[in-house]
Amino acid sequence: KLSHYYEKVSHYNEILNTFSVAVSFLSGKVVYISSQAATLLRCKPERLQGAVFSKLLAPQDISTFYSSTAPCHLPPWSSCAGTSMWKFFDGLNRLQIALFAIDNPFRLTPYQLTLRDSDTSQPEPCCLLIAERVHSGYEAPRIPADKIIFTTSHTPNCLFQEIDERAVPLLGYLPQDLVGKPVLIYLHPEDGLLMVAIHKKILQFAGQPFDHSPLRMRARSGEYLTLDTSWSFFINPWSRKVAFIVGRHKVQT
């Protein structure tokens with residue numbers, strides 16, 4: 001029943017400062033949303049209940065949401081019973097999207113859930129989402145200095161391929177904001193030649209990791225962060241060509 005579900009999940013909402021929302025797999029509409037959502041999203045509650053969930057997402061995040069919440073890939077909500085929520089989160093894939101505004105990102109953890117409004121109603125298969133707001137890594141509580149690290153990978157022609165989710169609170173971008181975009185447009189104009197030098201050095205080191213001069217990368221705020229970087233790459237064993245380049249970045253404080 002919906003009331004039983006609410007009693008179970010509301011405890012986690014209070015502890016984690018999150019909100020929860022259940023979206024029908026059949027209609028795509030919000031069938032339940034916790035009371036904290038209106039405050040966190042800064043909107044009226046009536047705008048949320050019964051809304052088509054995809055219309056609450058930033059347009060560029062809709063495909064990310066659907067590709068990450070296929071029912072066959074989601075664990076059942078009941079599987080976290082008796083487990084520390086944080087411990088359970090560690091074993092799950094989480095997606096990060098923007099709700100309502102591009103500068104308001106949330107980290108969503110999806111589950112399968114079946115809801116009933118009453119004993120006589122038909123069960124409705126739903127996607128339960130635990131939404132946790134992503135805070136800036138430079139606001140209290142700050143990320144420890146030894147953990148302000150993230151990784152990226154890009155293609156030989158300098159297009160972002162993957163971005164570690166740890167970059168979100170540090171750069172302000174969601175992974176899908178950067179994937180497929182040129183790396184050079186996010187670097188300081190004076191650092192473009194450094195990236196050329198990195199690519200040349202990659203061939204010299206034959207795939208072994210190496211450190212390089214710091215780079216300046218533009219955050220969503222428009223400010224440039226100075227990153228200590230190390231690099232490696234992967235060679236396609238069939239073509240013997242560089243498949244992608246991996247960067248490990250630590251923000252200077």
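The values are calculated or read from the model by the stated rules, or taken from the named source; none is laboratory data. All figures in this text were calculated on a predicted structure; none of them were measured in a lab. Using ideal geometry, Cβ is built from the backbone for each residue, glycine included, and neighbour counts are taken over all protein chains shown.
Restricted to region 1-113, the set of helices (runs of 4 or more DSSP H) holding at least 3 residues that are modelled with pLDDT under 80 comprises 2-16, 85-90. Scanning region 199-222 for residues that are surrounded by 10 or more Cβ atoms within 10 Å (Cβ to Cβ) and at pLDDT 85 or above turns up Pro214, Leu215, Arg216, Met217, Arg218, Ala219, Arg220, Ser221.
Looking at this structure, is Trp231 assigned to a loop (DSSP other than H, G, I, E, B) and hydrophobic (A, V, I, L, M, F, W, C)? No, not satisfied.
Can you tell me how many residues in region 152-194 are assigned to a helix (DSSP H, G or I), hydrophobic (A, V, I, L, M, F, W, C) and surrounded by fewer than 19 Cβ atoms within 10 Å (Cβ to Cβ)? Looking only at that region, the number is 4. For region 179-193, check the following and say yes or no: at least one residue is over 27 Å from the mean Cα position of the chain (by Cα), among the aromatic types (Phe, Trp, Tyr) and not assigned by the TED database to the domain that holds Ser63. No; the residues of region 179-193 include none that is over 27 Å from the mean Cα position of the chain (by Cα), among the aromatic types (Phe, Trp, Tyr) and not assigned by the TED database to the domain that holds Ser63.
A quick yes/no check of all residues on (1) outside the structural domain of Pro105 (by the TED database); (2) touching a His at 6+ places or on another chain (Cβ under 8 Å); (3) under 18 Å from Glu223 (Cβ atoms):
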{"position": "Thr155", "(1), (2), (3)": "yes, no, no"}
{"position": "Phe160", "(1), (2), (3)": "yes, yes, no"}
{"position": "Leu170", "(1), (2), (3)": "yes, no, yes"}
{"position": "Ile198", "(1), (2), (3)": "yes, yes, no"}
